[in-house]
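The values are calculated or read from the model by the stated rules, or taken from the named source; none is laboratory data. Please read all numbers here as calculations on a predicted model, not as lab measurements. A quick note on method: Cβ atoms are made from the backbone with ideal geometry, for glycine too, and the neighbour counts reach across all protein chains shown.
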Amino acid sequence: MMKLSICSSRLSILALALSLGLAGCAGDPLESGVDPFAPMIFKEGATAMPLNPPNQATIQPFYVSQQTIFKFAVDTDSILIGNDGITRYIVIITSPNGNNQTQYEGIRCDSFQWRLYGTFENEAWKENPLSSWNPIKDHAPNRYQAALAQGAFCSFNTQEKNIKNIIQSLNPNGFTGGTKPTNSFGQML
């Protein structure tokens, strides 16, 4: 009887250890230390500078604001929708006297930020060594990053993943980048 009781106790302890081990494998956030509701930590992927200048055949002008004296266009061939949440693109800024500034930039929809990766100078791309993420300014005359984010690259704070939707949104007849998005009650965000 004693042997049976010891065997039964050993089996109970073994069953308890096995069930605790399986519970640990179930991914309980309290056990694993991983909180599924915690914010994700942003990790930017590698960014390579473009190999070519803007493609003149795919340059699409877009509206920014009534206050700006500059003209803005994006090379639709250059738009890259990154898995890291960054939409990268070439933008061409034209001054009233006709001078162009061509830049390679990225926009993060989740944080409403932009980054200058480099500029096109003397027929070559020059990387920006001081590149960092900056807040997108929504109330400035030359608010082209805000116009691109709000009008084409983002759906509120989520990256637009469909390149056809982005290009269609950039169409001057339907581009809404000059207006701030609203929620379903018409309140400004």
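Can you confirm whether region 65-77 contains a residue that is outside any strand (DSSP E or B) and within 22 Å of the chain's Cα centre (by Cα)?
There is no residue in region 65-77 that is outside any strand (DSSP E or B) and within 22 Å of the chain's Cα centre (by Cα).
Could you tell me which numbered condition Thr94 fails, if it satisfies all but one of (1) at pLDDT 95 or above; (2) over 22 Å from His139 (Cα atoms)?
(2)
Quick one: which strands (runs of 3 or more DSSP E) sit completely within region 82-129 and have at least 1 residues that are farther than 16 Å from Pro53 by Cα and either touching a strand residue (DSSP E or B) at 6+ places or on another chain (Cβ under 8 Å) or in contact (Cβ under 8 Å) with a residue 24 or more places away in the chain (or both)?
In region 82-129, the matching strands (runs of 3 or more DSSP E) lie at 86-94, 100-108, 113-121.
State whether one or more residues within region 56-69 are closer than 27 Å to Glu121 by Cβ, in contact with a Leu (Cβ under 8 Å, 6 or more places away or on another chain), at pLDDT 65 or above and surrounded by 15 or more Cβ atoms within 10 Å (Cβ to Cβ).
Yes, some residue in region 56-69 is closer than 27 Å to Glu121 by Cβ, in contact with a Leu (Cβ under 8 Å, 6 or more places away or on another chain), at pLDDT 65 or above and surrounded by 15 or more Cβ atoms within 10 Å (Cβ to Cβ).
Got at least one residue in region 172-187 being surrounded by 15 or more Cβ atoms within 10 Å (Cβ to Cβ), closer than 23 Å to Pro54 by Cα and at pLDDT below 85?
For region 172-187, residues surrounded by 15 or more Cβ atoms within 10 Å (Cβ to Cβ), closer than 23 Å to Pro54 by Cα and at pLDDT below 85: present.
Scan (1) crowded, with 17+ Cβ neighbours inside 10 Å; (2) polar (S, T, N, Q); (3) at pLDDT below 95 for the single condition Asn83 breaks and write down its number.
Result: Asn83 fails condition (1) only.
Quick check: is even one residue across region 141-156 part of a loop (DSSP other than H, G, I, E, B), modelled with pLDDT under 95 and of a type in the set (Gly, Ala, Ser)?
no
Are any residues in region 137-163 among the β-branched types (Val, Ile, Thr) and farther than 12 Å from Cys109 by Cα, and if so, which ones?
If the condition is that a residue be among the β-branched types (Val, Ile, Thr) and farther than 12 Å from Cys109 by Cα, then Ile163 is the only one that fits.
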